[in-house]
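One structure is given here, and the rest of the page talks about it.
Every number here is computed from the coordinates shown, using simple stated rules; none is lab data. Nothing here was measured: the structure is a model prediction, and the numbers come from that model. Cβ: placed from backbone, ideal geometry, glycine included. Neighbour counts: every protein chain shown.
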Amino acid sequence: MALKYSSKINKIRSFAFWLIFAGFGVMYIGLIFKDIAWLMALFMILGMGFIGLSTVVYFWIGMLSTRTIQIVCPSCEKPTKMLGRVDACMHCDQPLTMDKSLEGEEFDEKYNSKRPKKRKAEHHT
Ligand SMILES: [Zn+2]
């Protein structure tokens, strides 16, 4: 497969990780400007903001985890968590689907859209 997909939870988790990293980075830059009090304070607050945001993201992951479905990956046979109708295995990035009608279809994040297409229903008249 040419395109590489990764599990949504893994994606969010790495995003939260980089937020912490960015937060500490920004605070470290603040230390360079320790002679200029307001500039150092600005970087410190910004850095703490990043770390605070990542805490929120980690909390969000916790919330999302309660909505995931535990399945065994058919490709690597390890237990993985699925979020939404289509997701990727957390271990081998194998695209997975909950919907039989989407089986064999090209993996597409848009299948997770909360608004289903109603075009077919309109042709009843
Ligand atoms: Zn797998």
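Screening the candidates PHE50, PHE21 for the property of being surrounded by 15 or more Cβ atoms within 10 Å (Cβ to Cβ), out of contact with any strand residue (DSSP E or B) (no Cβ under 9 Å at 6 or more places or on another chain) and over 25 Å from LYS110 (Cα atoms) yields one hit, PHE50.
Restricting to the stretch 1-17, name every residue that is part of a helix (DSSP H, G or I) and in contact (Cβ under 8 Å) with a residue 24 or more places away in the chain. Please lay out each step first, then the result.
Narrowing the stretch 1-17 to residues part of a helix (DSSP H, G or I): 8-17.
The answer is LYS8, ILE9, ASN10, ILE12, ARG13, PHE15, ALA16, PHE17.
Looking only at the stretch 55-85, residues that are under 24 Å from PHE17 (Cα atoms), of a type in the set (Val, Ile, Thr) and within 16 Å of the ligand (Cβ to nearest atom) come to 3 in all.
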